[in-house]
Amino acid sequence: MNNRCDQYEFSNLKNKLGLKIDFYGFLTMIIKLINGVIEEPNINKVFMIMNTDSTATVNFMKLLEFKQPDQMKDLNLKLKNKEISQEHYEMQMTKIQVINLKHLEQLSLIFKLGDWEALQKHVEFRYKIIRNELMTNEAKLKEVVNIVKMKNPSLISQINKAAMISEPYHVRMQERSLNIGGPSGAGGGGYA
């Protein structure tokens, strides 16, 4: 899914939503909204609604709480005078808190189904990055295991026993490297 927003479309969106930013600050605003969802998921929400016409609507919302002090004061007074039980008090307070949440829609964007080739290239690129990171981390781990194996071989066996591994890591890694492109031709070879 993608959203193409040029200056003309942005000016329409700005007038429609009453935004107070310019075109060049729009991307920064979207990044702040996404970071807000990540940092405070109980307050900031994002919803993606798939439409029947191969589009999707993405809504950024903020939950706002409106307190009703009169109801809360009445409940506190009734509890203090022992007119209601603690359980009833807690149940009523929960209802007040749930009722008092309001949704403020911050931004709504429409995304269209993207070009399949571009999406595939993007996925392949991300996959290659993650695969390279994995290979780098495995090489570092193998180096550490080899150092520990040379300096303290009993530590490797203790680690393997604690992890309930039948074969030491360095043996599995050697077998795995032999299985890559081996006679089966599968090319992946898992841990033996």
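Numbers below:
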| quantity | calculated |
| --- | --- |
| In region 1-28, residue modelled with the highest pLDDT [restricted to those that are of a type in the set (A, V, I, L, M) and either closer than 30 Å to W116 by Cβ or not assigned by TED's automatic domain parsing to the domain that holds N59 (or both)] | L27 |
| Residue list for region 35-50, filter: surrounded by 13 or more Cβ atoms within 10 Å (Cβ to Cβ) and part of a helix (DSSP H, G or I) | G36, V37 |
| Among residues of region 20-68, those that are over 24 Å from D6 (Cα atoms), of a type outside the set (A, V, I, L, M, F, W, C) and touching a strand residue (DSSP E or B) at 6+ places or on another chain (Cβ under 7 Å), counted | 5 |
| Helices (runs of 4 or more DSSP H) lying entirely in region 83-192 (those with 3 or more residues that are modelled with pLDDT of 85 or more and charged (D, E, K, R)) | 116-151 |
| Whichever residue in region 145-165 is loosely packed, with under 11 Cβ neighbours inside 10 Å and among the hydrophobic types (A, V, I, L, M, F, W, C) and, among such residues, is nearest to the chain's Cα centre (by Cα) | A163 |
| Filter result for the condition that a residue is closer than 13 Å to F111 by Cα, assigned by TED's automatic domain parsing to the domain that holds H103 and not hydroxyl-bearing (S, T, Y), over N59, N42, N35 | N59 |
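The values are calculated or read from the model by the stated rules, or taken from the named source; none is laboratory data. Please read these numbers as outputs of a predicted model, since none were measured by experiment. All Cβ positions, glycine included, derive from the backbone under ideal geometry; neighbour counts span all protein chains shown.
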